[in-house]
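**Student:** The structure under discussion is supplied below as structure tokens; questions concerning it will follow.
Please treat every number below as a calculation from the coordinates, not as lab data. Please read all numbers here as calculations on a predicted model, not as lab measurements.
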Amino acid sequence: MNATNSLDLSADKGDMKLKSISPTEEKLLVVLKEGPLTRDKLVAKLGIARSTIFDSLKKLIKRNEVKKCPLFATERSKGRPQVLFSLLDDKKEAGAG
């Protein structure tokens with residue numbers, strides 16, 4: 001039996017979350033600690049494919065680790081609005097509501 005890739009099912013949920021994070025998700029969390037960035041800037045900074053970044057951001061958003069912050073368009077801007085991604089700060093979010 002190969003236990004290299006298995007999860008420890010006896011661990012609590014917090015430990016499982018840490019153990020199930022992908023290398024790309026881990027890199028995103030580290031970079032986002034510096035502040036919010038657009039997906040294009042994340043791609044440029046990490047040198048990882050846009051689709052991989054997108055999939056990893058979706059997983060991090062689903063696990064409430066990252067949030068999406070749309071930038072509001074100005075009168076001069078055209079096209080699709082940019083979206084910033086940032087870490088979800090539990091303490092900040094809890095105090096806001």
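**Student:** In this model, which of 41/67; 45/78; 27/67 are farther than 21 Å apart at the alpha-carbon?
**Tutor:** Pairs exceeding 21 Å: 45/78.
**Student:** For region 19-74, take N as its residue count and report Rg(C-alpha) divided by 2.2 N^0.38 Å.
**Tutor:** 1.10
**Student:** Can you list residues whose amide H is under 5 Å from residue 84's amide H, if they're 5+ apart or on another chain and H is modeled 1.01 Å from N?
**Tutor:** For residue 84, the qualifying residues are 69, 71.
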